[in-house]
Every structure is written in C-alpha cells, then in structure tokens.
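Taking it in order: structure first as structure tokens, then the write-up.
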Amino acid sequence: MSTPTPSTEPSIASRMGIMRLWRRLVGTADATSANASAEPLDKRQWQKIDALLQEATSRADSDTRVRARARRLLDAYQKANAQDRLAFMLRLAQGFHIDEAALEVAIAHWQQAARSGNAADKLHAQTRLAQTLESPRMHILRQFNLLPAGIEALVRMRAELLSLREHQQALQPLESDLLRLLTLWFDAGFLELQRIGWSSPASLLEKVIRYEAVHEIKSWDDLRNRLDSDRRCYAFFHGRMPEEPLIFVEVALVQSLASSVQALLDEAQPTNDPTQATTAIFYSISNAQPGLRGVSMGEFLIKRVVEQLTHEFPKLQTFATLSPVPGFGQWLRTQLADAAYVQQLPAIAQRALADHATAAPTDISTDAAAPAATADTAYERLQTLLATHEANAHPREEEVALKQWLMGECAHYLLMQKRKQEPLDAVARFHFGNGASLQQINWMGDSSAKGLRQSLGLMVNYLYRLDAIDEQYHAYARQGLLAHSSEVKKLLAANPIRREG
C-alpha cells in the first residue's frame, strides 16, 4: 500500500533512532524485571514489611499515614528481587483472610433484621455484612489506588503473579482479589478511546509493535502501512496509565469482506479512499496488559470503534473481522491420533500423511503405535503439503476434497465442539459472546508459518450486524446458540467426516 511522502513527516530512520534511545531509557515494560540482582531482604526488613501490612488493615487512619505506608510497601515490592516479590505476594495471599467469626455474627444480625422487617435495621445489617465480606487483603490493596502509579503497579503485580504457574494455587486468594479490584477500576466507563496514528508519540508506536499479538509487525514500513489513511488503529487508555495502551484494535476500510490477511496487509496495494469504503474489517485485537487478563474490555472497544467509524464514514454498511482460529490445529491433532478418523480423509491427505521423508511409505491409518507422536507428525505433513502448494500437482477434484475436509472440520470445530454451551475456541467465544455470527471460513486466509502452524492457514470472518447483535447475544447467552451463515451451514453438510450421533 502506498504511503505519504517522507518529506511531510519524520523519517523512518529518525524514528528508528528514537526507538533505540527509548529502549535504552526504559529498558523493559516491566520495571520489576530489572531487579534480578537485588540483594535479598533480611529479617529486619521483613519485620518492617509485616508491621506495615498489619497496620494497613486498620480502617481508622489518616490519609497522610495511609499514603505514606502504601508508598513504603510499594517501594519494598518493586525494589525486591523475584524471590522476595514472590514472598511478598504469598504473605498477602496466605494471610489477611475474612474474619469468619465476625462474618457469622454479621450474618446473624442480617437474618434478625430481615425477620424484623425494619428497613433501617436491614440497611444497617447489609452495610455491616458487606464490610465484613471484604477481606483485610482487599482493604490493603485498595490503598495502592491512592498513589499516582499504584494502579499500574497492581496491574504489573498481577501479570507477574499469573506467570508463576507453579504457585497458582497458593496465590489464588490474592489473584481473586486483584481481579475483582481491577475489574472495578477498569470499567468501560473509566476508559478513554484514542486513535493511534503515524504522528503519535514514538514511545506509543514502539508499544504497538511490541504488544501486537495477532499479526507480527515486521518493520516500520509495515507499521506505517497499518496506520495509513484507509486504516485505523484505536486503543483504550486509563487515566492512571495514560501512556500505556490497554487493548487496541486494527481496522481496514475496504469495499468487501476480506479473506486473506496477507492481501489485506500487502504494502504494495494502492491506498483506498476511506470515504468510499463500505466495509470495516477488524483484523487484529491485542490485549496489551497481561495483568488485565480476564478484565472485560474487548467487546466495549469494538462497540465504541463501530460508533466512531459509523460517525466518521456514513457509507460503512458491513462490520466484520478477519480472525484466526487458534485452537483448530491442536484439536485436529487429537482427531489425527484416531486411526478410524484418518481412514475417512481424502486420498490426497492420506498420501501426504503416509509419505515418510526418510523411510518407505507406510499407511499411518494402520499404525496404532505412539498415537500422539503420529498425530503431530501427520499434522506437520499437512503443513508441508499446504506450504509448498503440493496440492496444485494433483487433480482439481483432489484439491477440492482437501479444502472440503479442512473447511468442514473447521466449521465443525467452531460450531459443534463446546465446553458446556461455549465454543472451545477462545476467539470464537469472544465474538459469539459479543453477538457476532460466523459468516465465512477462508481457505489460505493466513499462509504465514504461524497461520499454517495454528490452523493450517484457515481464517474466519465474524460478522457484526448492527440490527442483530442484541438478539444473537441473548440467544448465545441463554441457549448457547451460535449464529452462522448458510454458507457455513453448507460446509458442515458437505464435510466428508461422519460422526456417530
């Protein structure tokens, strides 16, 4: 895609110089990771920390003392090494629980007030019960909100906590309280929508490159292409983290439904007139803060962006995604471990799976040994088949059969494979949960190595019909119904794989 002339904006070379300087200044996104060489805290320091934590449980103290104490605790945590930060979090997680005896008394008072029918007594009892249900741990965490960087520090703390997989059970009480607090503090009403463009601060552009989680930004030309006049990038920001994007979405303004991300991001394509666009394609949504995992922001971001785009470009009629299918590859591996399943595959796939590079060809459908290894090997051979376009050397009917199988299985995976009433696929859960429908499955939608590894190149379009979002959302939430097009329904019906029931 063509780009503006360099004379009107900072050169790419100067931007790269700024980026190198920026990286030297800030080092890494997580300030605590720079403390690997910090000296371990000694016994006396831990005694001070324990005393401060106990004092912080008090509900009767001046704002000045509360702020000073929170500052000291935060400094101790941020300057500590990884082992001591873990010990700090474990202290919070394993202590400072709800007072169960006080809770029983509060429940009894509520029951007595409820029986009395006195409105004032009931209100007083409810207030007392709510206060008792808030753990001293939660009270301590709330106090960090009084510090200018306190909320961001808790986001970083939760990110580190979530990375400590071997300690998840022990840290669960702290994780639960942090999630509750951050869900309140990062409510959609507190978030500000901002457009990110090529003229945005260099530090922000560097973060877009770093945080992009769906389609890697390979160069500054690539980034500039994604921020051109017929593209949009929007992010949510929080007032207490003004320089940190929380989540951002990249949008292409085009004339029709996009079926290939490589074509969509091709820098050689001419720039379209955005005022003539009829379709907005959401092709990447990236959560920028690991510490906010589980805090719902994506659906609000999409709705706000749709409102913004509709206002700016009245000709837009279609809002859709070009989305990956991140769980399809792993699910298909489990199917390929089943010999009965392999026997149903098209001939072109059977030959590819039986083609050993270093041994005589064998029929893996009859090989019952080491099913997991066989499934992984089979999947790798499918990747090779698709990556080298080997299918083109075969009769067209075989190519059609290969596509029919894989696209049919993708439709089956997205619509039929569920955990309770929710789809197995995380991206599908997100979009169906927002009221979207599955509109189209795209052959070779992502032909990159990542796309082939993740889903054998398949991508899908989820359609956001503004007049149907609410109805489809309620049908999904209440009954688990997954809205999909007649085209996808045909893929299910034509799938050569037959299953019992």
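The values are calculated or read from the model by the stated rules, or taken from the named source; none is laboratory data. All values derive from a computational prediction rather than experimental measurement. Counting neighbours? That spans all protein chains shown, and the Cβs are built from the backbone with ideal geometry, glycine included. Heavy atoms of the whole protein, side chains included, go into the accessibility calculation; ligands, DNA and RNA do not. Shrake-Rupley method; radii C 1.70, N 1.55, O 1.52, S 1.80 Å.
Of note:
- Selection of region 239-290 for residues being open to solvent by 10 Å² or more (accessible area, probe 1.4 Å), in a strand (DSSP E or B) and more than 24 Å from residue 429 (Cβ to Cβ) yields only 254.
- Considering 165, 180, the condition of being within 19 Å of the chain's Cα centre (by Cα) and surrounded by fewer than 13 Cβ atoms within 10 Å (Cβ to Cβ) is satisfied by 165 alone.
- Each residue in region 291-344 was checked for being buried (at least 17 other Cβ atoms within 10 Å of the Cβ), more than 20 Å from residue 251 (Cα to Cα) and of a type in the set (Val, Ile, Thr), and 2 pass.
- Only residues that are assigned to a helix (DSSP H, G or I) and not aliphatic (A, V, I, L, M) were counted in region 399-434, giving 14.
- Evaluation of residue 466 against (1) at pLDDT below 95; (2) under 25 Å from residue 263 (Cα atoms) (one fails), failing number: (2)
- Annotation note: Cβ proximity below 6 Å between a residue of region 320-344 that is in the same structural domain as residue 435 (by the TED database) and a residue that is modelled with pLDDT under 90 (sequence gap 6+ or interchain) occurs for 333/375; 336/375; 336/378; 337/371; 337/375; 339/365; 342/365; 343/365.
- Of the residues 486, 455, the single one that is at pLDDT 95 or above and surrounded by fewer than 13 Cβ atoms within 10 Å (Cβ to Cβ) is 486.
- Annotation note: of 472, 454, the sole residue that is in contact (Cβ under 8 Å) with a residue 24 or more places away in the chain, more than 21 Å from residue 342 (Cα to Cα) and outside the structural domain of residue 251 (by the TED database) is 472.
- Residues that are open to solvent by 70 Å² or more (accessible area, probe 1.4 Å) and either among the aliphatic types (A, V, I, L, M) or touching a Phe, Trp or Tyr at 6+ places or on another chain (Cβ under 9 Å) (or both), drawn from region 123-140: 123, 126, 128, 133
- Answer residue from region 35-66, given it is open to solvent by less than 50 Å² (accessible area, probe 1.4 Å) and of a type in the set (A, V, I, L, M) and is farthest from residue 144 (Cα to Cα) among those: 38
- Number of positions in region 489-500 that are loosely packed, with under 15 Cβ neighbours inside 10 Å and assigned to a helix (DSSP H, G or I): 4
The rows are residues; the columns are (1) polar (S, T, N, Q); (2) in contact with a helix residue (DSSP H, G or I) (Cβ under 7 Å, 6 or more places away or on another chain); (3) at positive phi; (4) touching a residue at least 60 places away in the same chain (Cβ under 8 Å).
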{"residue": "78", "(1), (2), (3), (4)": "yes, yes, no, yes"}
{"residue": "83", "(1), (2), (3), (4)": "yes, no, no, no"}
{"residue": "87", "(1), (2), (3), (4)": "no, no, no, no"}
{"residue": "96", "(1), (2), (3), (4)": "no, yes, yes, no"}
{"residue": "107", "(1), (2), (3), (4)": "no, yes, no, no"}
{"residue": "115", "(1), (2), (3), (4)": "no, no, no, no"}
{"residue": "119", "(1), (2), (3), (4)": "no, no, no, no"}
{"residue": "122", "(1), (2), (3), (4)": "no, yes, no, no"}
{"residue": "125", "(1), (2), (3), (4)": "no, yes, no, no"}
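- Inter-residue pairs, beta-carbon under 6 Å, first farther than 10 Å from residue 204 by Cα and in region 240-252, second open to solvent by 10 Å² or more (accessible area, probe 1.4 Å) and acidic (Asp, Glu), 6+ apart: 241/152
- Any helices (runs of 4 or more DSSP H) falling wholly within region 5-86 and containing at least 2 residues that are modelled with pLDDT under 85: 12-26
- Considering residues of region 206-227 that are basic (Lys, Arg) and open to solvent by less than 20 Å² (accessible area, probe 1.4 Å) only, the residue farthest from the chain's Cα centre (by Cα): 224
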